[in-house]
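Before any comments, here is the structure.
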Amino acid sequence: GARWGSGGGGGEMAGNSSAAPNADAEFTAERTAELEAIGKREDVYARLVSSLAPSIWEMEEVKRGLLCQLFGATHKVFKGTNANKVRGDINVILVGDPGVSKSQLLTYVNKVAPRGIYTSGSGSSAVGLTAYVTRDPETKDFVLESGALVLSDRGICCIDEFDKMSDGARSTLHEVMEQQTVSIAKAGIIAVLNARTSVLASANPVGSRYNPHLSVIENIQLPPTLLSRFDLIFLVLDKPNPETDRRLARHLISLHFKEPPKKVTGALDAATLTEFISYARTAYFPILSDEAAEMLVEGYVDMRRMGGGRKVITATPRQLESLVRISESLARMRLSHVVEARDSTEALRLMRAAMQQAAWDPKTGQIDMDKILTGHSASDRRQRSAVADGIAEILAESNGGKARLAELVTRLKDRNQTFDMSVQEARDAAMLLVEQERAVVKGDLVTLV
């Protein structure tokens with residue numbers, strides 16, 4: 001019956017426990033040297049991203065987030081009087097439209113993770129996730145059977161269809177995701193079980209498609225207590241765009257060919273990736289450097305400034321810890337013992353990109369769908385093309401057809417008072433000219449073609 005099934009699962013996990021990331025997997029000297037060589041290359045981050053779920057097209061930001069989760073951060077236990085634990089596991093949630101390959105990513109991560117369990121929201125109950133009390137058929141005593149979260153201790157627990165979970169089952173996650181234990185007081189059994197698990201959840205927005213007229217919070221509709229426990233909240237939105245649609249369709253069709261096209265060169269296969277992750281997790285425990293810490297503080301203060309209203313996901317102190325964790329895992333990917341400034345910059349960028357913050361309107365908390373793919377909203381784009389035309393005219397008048405950006409800014413302002421802008425905006429407009437192959441930008445020098 002069901003009990004036998006769960007027991008069998010337990011046996012399987014016990015047999016597989018040597019594959020747990022922190023178990024001392026024996027790496028031979030040559031293997032260690034090979035893995036070190038992978039990690040010491042400059043492009044290791046890009047290589048890892050391209051080797052995670054290679055059959056899924058693009059979605060690079062999400063893959064970066066999942067890599068951070070797979071590598072994990074360092075668990076810290078403070079000794080002495082202030083003895084408390086800081087979790088080193090990163091929790092990720094993917095919220096998005098149907099058909100953006102969320103479940104595919106989940107199953108892939110479940111395959112690559114050295115240890116993991118995959119459950120679906122509608123098919124899991126509160127006790128099935130934590131632990132349940134049964135009667136032993138021989139002795140008639142009460143025994144404790146561990147559930148999915150406890151079985152995936154030191155691994156990743158993937159929960160699909162997170163929005164279709166019952167509230168009872170979802171509330172059991174609160175303790176697991178922050179304190180990383182499961183406490184039980186049932187039928188005379190009082191126990192605290194370890195569940196040092198990273199949770200990877202995927203959910204559809206309310207009404208199953210993302211509604212751009214509602215704020216992000218109203219779309220996700222998970223309690224803020226849960227949302228703040230997720231380190232990365234990915235909004236995966238599906239927006240029609242003829243060019244990207246065509247590329248995606250070509251990619252999907254090519255998977256059905258007799259001989260699928262060759263993979264990206266330099267990508268690692270799944271077995272090597274698993275091994276690399278296990279090795280990095282056993283051998284490297286990065287520590288923050290001063291400049292990295294300073295950058296994280298600044299970034300966090302900025303994030304706090306954004307939030308505040310009911311419509312916007314507010315950054316809590318948990319987000320600061322998340323930033324620390326993400327930058328530690330980025331350092332671990334490079335097989336480095338120190339978290340550098342570039343790691344914390346990438347961590348901040350990843351957090352903003354995950355929430356599509358570039359497209360947010362902080363006042364309403366809504367997402368401007370126009371901003372998502374191209375990085376500019378409709379009014380921005382009109383302004384940008386107007387500025388680009390202005391720049392082209394000025395360049396045509398100037399000698400040699402070239403000018404510096406700062407010079408362009410002042411001359412644009414002389415022409416038209418509405419063109420009051422920063423050098424960065426002028427550079428963006430100049431880049432539009434480059435895309436249309438009307439100009440070349442070198443450093444801060446713009447030259448007409």
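The values are calculated or read from the model by the stated rules, or taken from the named source; none is laboratory data. Just so you know, these numbers come straight off a predicted model, no measurement behind them. Please note: Cβ atoms are built from the backbone with ideal geometry, for glycine as well, and neighbour counts cover all protein chains shown. Accessible surface is based on the protein model in full, side chains and every heavy atom, while ligands, DNA and RNA are left aside. Shrake-Rupley method; radii C 1.70, N 1.55, O 1.52, S 1.80 Å.
Filter the stretch 227-244 for residues that are under 23 Å from the mean Cα position of the chain (by Cα) and part of a helix (DSSP H, G or I); which is farthest from S146 (Cα to Cα)?
The qualifying residue farthest from S146 (Cα to Cα) is T244.
Give me the residue from the stretch 158-179 that is among the hydrophobic types (A, V, I, L, M, F, W, C) and over 29 Å from T282 (Cα atoms) and, out of that set, surrounded by the fewest Cβ atoms within 10 Å (Cβ to Cβ).
A169
Select from the stretch 140-168 the residues that are under 18 Å from N204 (Cα atoms) and over 24 Å from the mean Cα position of the chain (by Cα) and list them in ascending order.
Once the filter is applied, which keeps residues that are under 18 Å from N204 (Cα atoms) and over 24 Å from the mean Cα position of the chain (by Cα), the stretch 140-168 yields S166, D167.
Can you work out which of the residues in the stretch 83-139 that are over 29 Å from R352 (Cα atoms) and among the acidic types (D, E) is surrounded by the fewest Cβ atoms within 10 Å (Cβ to Cβ)?
The qualifying residue surrounded by the fewest Cβ atoms within 10 Å (Cβ to Cβ) is E138.
Could you please let me know if G155 is at positive phi, modelled with pLDDT of 80 or more, crowded, with 20+ Cβ neighbours inside 10 Å and in contact with a strand residue (DSSP E or B) (Cβ under 8 Å, 6 or more places away or on another chain)?
Criteria not met by G155.
Against the condition modelled with pLDDT under 85, open to solvent by less than 30 Å² (accessible area, probe 1.4 Å) and farther than 26 Å from R64 by Cα, how does V182 come out, does it pass?
yes
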